[in-house]
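Okay, so here's the structure we're looking at.
The values are calculated or read from the model by the stated rules, or taken from the named source; none is laboratory data. Since we're looking at a predicted model, the values are computed, not measured. Glycine also receives a Cβ, built like all others from the backbone with ideal geometry; neighbour counts cover every protein chain displayed. Note: areas computed on protein heavy atoms with side chains; ligands, DNA, RNA excluded. Shrake-Rupley method; radii C 1.70, N 1.55, O 1.52, S 1.80 Å.
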Amino acid sequence: MPQNARQALVIVDAEENYYVLPREAVETAKAAPEAKAAIEAHLRPYAKIPLADGYCFAGMLHLAAEDELAHYTPEASWPVATTS
């Protein structure tokens, strides 16, 4: 990979829509270490599915907006509230 290249995680949904998440966006959403057990408790039994570059798919969380896990990063960056 060229030295100035950037990485992005690409996911696709059931309707074949692509989502490109730059590595910086993925890193911003990194869960705090103390949230790991709570996140794992909300995941259904799963087998990690390897993706690329050390990433694995672990499952989906379905959380109410007021759930404390909806704000699991120090910056509370996900979900993003809109006020328009």
Complete set of residues in segment 1-22 that are in contact (Cβ under 8 Å) with a residue 12 or more places away in the chain and open to solvent by 90 Å² or more (accessible area, probe 1.4 Å):
Arg6, Val20
I'd like the residue in segment 28-43 that is hydrophobic (A, V, I, L, M, F, W, C) and touching a Phe, Trp or Tyr at 6+ places or on another chain (Cβ under 9 Å) and, out of all such residues, is farthest from Ala8 (Cα to Cα).
Ala38
I want to confirm something. Restricting to segment 53-64 and keeping residues that are open to solvent by less than 80 Å² (accessible area, probe 1.4 Å) and either farther than 16 Å from Leu9 by Cβ or touching a residue at least 12 places away in the same chain (Cβ under 8 Å) (or both), which single residue is farthest from the chain's Cα centre (by Cα)?
Ala64
For Glu68, are the conditions met, namely being at pLDDT below 80, out of contact with any His (no Cβ under 9 Å at 6 or more places or on another chain), acidic (Asp, Glu) and open to solvent by 100 Å² or more (accessible area, probe 1.4 Å)?
yes
